[in-house]
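The values are calculated or read from the model by the stated rules, or taken from the named source; none is laboratory data. Just so we're clear, the structure is a prediction, and the values are computed from it rather than from any experiment. Every residue, glycine as well, gets a Cβ built from its backbone with ideal geometry; the counts of neighbours run over all protein chains shown. Ligands, DNA and RNA are excluded from the accessible area calculation, which covers all protein heavy atoms including side chains. Shrake-Rupley method; radii C 1.70, N 1.55, O 1.52, S 1.80 Å.
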Amino acid sequence: MIPHQAMNIRWDDSWKPFRVEPRAERMRALVNPEGVGDRLRAVAFAEIQARDGFLWGIKMFPDAPAEWRASWVAFAKMEEEHAQLLLDRAAALGVDLGARAVSDTLMRMFLRSTTAELFLYQIATAEERGMDIGLSMLEPMRAVDPASAAIFARIAHEEIDHVSTAKRFLSSFSLEKLQHQAQSLAESARC
């Protein structure tokens, strides 16, 4: 175990020791320890991006409702805890965090947010996608590494609160409009 490694991996330090590139390397099949290691690396990095995203949102949107901002503080802490769980497991398995490229697509997506509600929509949809992916790989991962699967199950369960809280906060906004804004930003980023 590396104490507090997650808190020392920062956006302003290029997220070292991760090797960040515009596109992540394709993950290997989830049939051996290398495939598990790829997922530990990728999800730990996603959790760190979510933490840094919440912290960015707090600074970027000081006029966001106080309840939102308080939740973002709590969620940033939880994202860091999730990252640390994954980093500890990766260390136990000897996974080199910099051996394969990860992408900062999530953070780049958050940075394109122009309003607090668009930011919250983007981070919530990213968390929901991550939760769904995590749940879908639990069974295959259990067959290869039950300890890692248990960590992924815990994280997916805890992310449910993030998603439901965001949906509650956004209930008075047009989700269709936010989805359209998010899609427009994504399309303009591809150009």
Evaluation of Asp96 against (1) of a type outside the set (A, V, I, L, M); (2) within 22 Å of Ala153 (Cα to Cα); (3) touching a Pro at 6+ places or on another chain (Cβ under 9 Å) (one fails), failing number: (2)
Just to be sure I understand, how many residues within the stretch 77-97 are open to solvent by 20 Å² or more (accessible area, probe 1.4 Å) and of a type outside the set (D, E, K, R)? 8
Residue that is nearest to Glu79 (Cα to Cα) [pool: residues in the stretch 164-177 that are surrounded by 15 or more Cβ atoms within 10 Å (Cβ to Cβ) and in contact with a Leu (Cβ under 9 Å, 6 or more places away or on another chain)]: Ala166
Of the conditions (1) open to solvent by less than 50 Å² (accessible area, probe 1.4 Å); (2) more than 19 Å from Glu158 (Cα to Cα); (3) at pLDDT 95 or above, the single one that Met107 does not satisfy is (3)
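Might you let me know whether the stretch 31-50 holds any residue that is assigned to a loop (DSSP other than H, G, I, E, B) and out of contact with any Gly (no Cβ under 7 Å at 6 or more places or on another chain)?
Kept after step one, since they are assigned to a loop (DSSP other than H, G, I, E, B), are these residues of the stretch 31-50: 31-32.
If we keep only those that are out of contact with any Gly (no Cβ under 7 Å at 6 or more places or on another chain) as well, we get 31-32.
Checking the stretch 31-50: at least one residue is assigned to a loop (DSSP other than H, G, I, E, B) and out of contact with any Gly (no Cβ under 7 Å at 6 or more places or on another chain).
Condition check ((1) open to solvent by less than 50 Å² (accessible area, probe 1.4 Å); (2) out of contact with any strand residue (DSSP E or B) (no Cβ under 9 Å at 6 or more places or on another chain); (3) in contact (Cβ under 8 Å) with a residue 40 or more places away in the chain; (4) among the β-branched types (Val, Ile, Thr)) across all residues:
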| position | (1), (2), (3), (4) |
| --- | --- |
| Ser103 | yes, no, yes, no |
| Gly134 | yes, yes, yes, no |
| His162 | yes, yes, yes, no |
| Gln179 | no, yes, yes, no |
Please work out which residue is nearest to the chain's Cα centre (by Cα), limiting yourself to the stretch 54-71 and to residues that are of a type in the set (A, V, I, L, M, F, W, C) and outside any helix (DSSP H, G or I). Phe61
Regarding Ala74, is this residue under 30 Å from Gln181 (Cβ atoms), buried (at least 20 other Cβ atoms within 10 Å of the Cβ) and of a type outside the set (Lys, Arg)? no
What about Ala83, is it small (Gly, Ala, Ser) and more than 14 Å from the chain's Cα centre (by Cα)? no
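When you scan the stretch 18-35, how many residues do you find that are of a type in the set (A, V, I, L, M), open to solvent by less than 70 Å² (accessible area, probe 1.4 Å) and more than 17 Å from the chain's Cα centre (by Cα)? Full working, then the answer.
If we filter the stretch 18-35 for residues that are of a type in the set (A, V, I, L, M), which is where we start, we get 20, 24, 27, 29-31.
Filter once more, so that each one left must be open to solvent by less than 70 Å² (accessible area, probe 1.4 Å): 20, 24, 29-30.
Okay, now just the ones that are also more than 17 Å from the chain's Cα centre (by Cα), so 29-30.
Residues meeting the conditions: 2.
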Near pairs, Cβ below 9 angstrom, 6+ apart or cross-chain, from the stretch 19-36 (closer than 16 Å to Leu138 by Cα and of a type in the set (A, V, I, L, M)) to any residue that is part of a loop (DSSP other than H, G, I, E, B) and open to solvent by less than 90 Å² (accessible area, probe 1.4 Å): Met27/Arg100; Leu30/Met137; Val36/Leu30; Val36/Val95; Val36/Asp145
